[in-house]
1. Suppose we look only past 24 Å in the calculated P(r) of chain B. What percent of the Cα-Cα pairs does that tail hold?
2. What accessible area per residue, rounded to a whole number of Å², is obtained for chain A using a probe radius of 1.4 Å?
3. Report P(r) for the protein assembly as shown: all Cα-Cα distances, bin width 5 Å, range 0 to the bin holding the largest distance, values in whole percent.
4. What percent does the relative contact order of chain B come to when contacts are Cα pairs within less than 8 Å and at least six residues apart?
5. When DSSP beta bridges are limited to those with both residues in the protein assembly as shown, what percentage is antiparallel, rounded to the nearest 5?
6. Considering only DSSP beta bridges where both residues belong to region B:39-112, give the percentage that are antiparallel (nearest 5).
7. Per-residue Cβ counts within 10 Å, from other chains only, averaged over B:24-37: what number is that?
8. What's the average, rounded to a whole number, of partner chain beta-carbon atoms within 10 Å of each residue's beta-carbon in B:95-103?
Amino acid sequence: GQQLNQSPQSMFIQEGEDVSMNCTSSSIFNTWLWYKQEPGEGPVLLIALYKAGELTSNGRLTAQFGITRKDSFLNISASIPSDVGIYFCARGGSNYKLTFGKGTLLTVNP
Amino acid sequence: DGGITQSPKYLFRKEGQNVTLSCEQNLNHDAMYWYRQDPGQGLRLIYYSQIVNDFQKGDIAEGYSVSREKKESFPLTVTSAQKNPTAFYLCASTGSSTDTQYFGPGTRLTVL
């Protein structure tokens, strides 16, 4: 199946720092989704993007759907300890199936 | 409250036994999905169902079976044919005409 490249694999940052992660695909798609997963829990939807160039915010989180429709970025500003978790990107495909990136593990040091 | 429930949270089984994981949603969503997650890995699709009484294999369906007799329910059976069943299993659902999936809390299956 189609692959998503998500980077970085992991990040270790200090509280208060900004964070940026991204996903790229070799193909064009119409939907990009960003999820956060905490240990032992299911992923929770953070932001959904449906249009090329779309920039959407959810509190301290901002995500953008790349103009080429092959990539997406998630930024977290002024990180706090509860931002810790794994962040997944996902892109929509045929039959409403999603393909997921392998995730970015975020650790925030207080 | 509307949402997706999975039970149990933790499940232990002996090797060679079949086990069924429950997934129920009251969101009136048409499509439901089962994923498997291994440490350090993304989510891999096992089976999905877009309507009642119909389901399709995902990328790693071997050793698993599902049924969709009711819109609200999509149970997953991990059979003895699954060679490495210990994993975290996630159920998701989505409404019609949308890619946005919502996940349950997951079931951690450990086969001893």
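1. Of the Cα pairs, 17 percent sit more than 24 Å apart.
2. On a per-residue basis, chain A sits at 48 Å².
3. Values per bin, smallest distances first: 1, 7, 15, 18, 19, 16, 12, 7, 3, 1, 0.
4. For chain B, the relative contact order is 35 percent.
5. Of all bridge pairs located within the protein assembly as shown, approximately 90 percent are antiparallel.
6. 100 percent
7. Mean shielding by partner chains, rounded to a whole number: 1.
8. What the average comes to for B:95-103 is 6.
The values are calculated or read from the model by the stated rules, or taken from the named source; none is laboratory data. Because the structure is a prediction, the values reported are computed rather than measured. Heads up, the Cβs are rebuilt from the backbone with ideal geometry, glycines too, and the neighbour counts pull from every protein chain shown. The protein model used for the area step is the full one, side chains on, heavy atoms only, and it has no ligands, DNA or RNA in it. Shrake-Rupley method; radii C 1.70, N 1.55, O 1.52, S 1.80 Å.
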